[in-house]
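> A single structure is presented below for examination.
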Amino acid sequence: MTEIPTLLLISGSLRGASTNSAVVRTLAELAEGRAKAVTYEGMGSLPHFNPDDDTEPLPAEVVRLRALISSADAILICTPEYAGSLPGSFKNLLDWTVGGVEITDKRVGWINASVAPTGAAGAHAALRTVLGYTGALVVDAAAAHVPVPRDAIDPGSGLVAKADVRKPLAGVLETLLGAEPA
């Protein structure tokens, strides 16, 4: 890419003090000068997915989501794991991408920020499965588990502040942005 790439950042959490959203904000900061970071924050406004509604005219928030995906060169996700899989609200977002073609062949990576011993393996597996159905180009080296303890987040800025946690986050970002397009 000769021009600065557009990176779409998505948190899979609706929680106000979400560690995953803190990671997304941190990734946006780390991307400065390297990519135009765009954060999608409309997940809570998406209607429940119903294949009957995946027709024109699409709901306005679905149109906005798909437009952001379409204009991105790459997508980086940070999502929690609930009950061994993806949170329902985030799975709903992904379901809205299946019927569109915007994500097809789009470079996608993700970070599991869980400090649990399982490393959010269920969410990791579910993401790989769903993104496979969408035709996304999963960049394996940019699909990582980076434990982010709550005390790594600065309460004032809401960003990951600890250098030993920021470094692997930056590594995932660089890997995804440096991946060759399909």
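The values are calculated or read from the model by the stated rules, or taken from the named source; none is laboratory data. Just so it is clear, the structure is predicted and the values come from calculations on it, not from any experiment. Neighbour counts run over all protein chains shown; Cβ positions are idealised from the backbone, glycine included. SASA here: full protein model, heavy atoms, side chains in, ligands and nucleic acids out. Shrake-Rupley method; radii C 1.70, N 1.55, O 1.52, S 1.80 Å.
> Note down the relative contact order for the chain as a percent, whole number, built from C-alpha pairs under 8 angstrom at least six residues apart.
24 percent
> Looking at the chain, send over the antiparallel percent of its DSSP beta bridges, to the nearest 5.
Antiparallel bridges make up about 10 percent of those DSSP assigns within the chain.
> Next question. If amide hydrogens are placed 1.01 Å from N in the peptide plane, which non-local residues have theirs closer than 5 Å to the one on W110?
Here the answer is I77, A143, A144, since their amide H atoms fall under 5 Å of that of W110.
> Still on this structure, I have one more. Given the Cα-Cα distance of R128 and A17 and 0.36 nm per residue of separation, how much length would full extension add, in nm?
37.4 nm is the gain from fully extending R128 to A17.
> If you don't mind, there's one more thing I want to ask. Using label points projected 7 Å from each Cα along Cα→Cβ, tell me how many nm separate A116 and D164, to one decimal.
Those two pseudo-labels are separated by 2.4 nm.
> As a test question: what accessible area, to the nearest 10 Å², does T118 have when a 1.4 Å probe is rolled over all protein chains in place?
Accessible area, nearest 10 Å²: 90 Å².
> Once the convex hull of the alpha carbons of the stretch 28-75 is built, what does its volume come to per residue, in cubic angstrom?
Each residue corresponds to 85 Å³ of Cα convex hull volume.
> Give the share of C-alpha pairs in each 5 angstrom bin for the chain, from 0 to the last occupied bin, in whole percents, shortest bins first.
Values per bin, smallest distances first: 1, 8, 18, 22, 22, 16, 9, 3, 1, 0.
> Mark the label point 7 Å from the Cα of S70 along Cα→Cβ and return the residues of the stretch 87-112 whose backbone N is within less than 12 Å of it.
100-103
> May I ask you to give the solvent-accessible area per residue for the chain, in square angstrom, as obtained with a 1.4 angstrom probe?
On the way: 8490 Å² over 182 residues.
It amounts to 47 Å² per residue over the chain.
> Viscosity 1.002 mPa s, temperature 20 °C: Stokes-Einstein D of the stretch 101-182 from its Kirkwood Cα radius, in µm² per second?
On the way: Rh = 13.8 Å.
This corresponds to a translational diffusion coefficient of 156 µm²/s.
> Still on this structure: Counting only protein heavy atoms and using a 1.4 Å probe, what share of the accessible area of the chain belongs to carbon plus sulfur, as a whole percent?
55 percent
> Heavy atoms only, 1.4 Å probe, whole protein assembly: order E81, E56 by accessible area, highest first.
Most to least solvent-accessible, the answer reads E56, E81.
> So how do F90, F49 rank on accessible area, 1.4 Å probe, biggest first, that is with the largest at the start?
F49, F90
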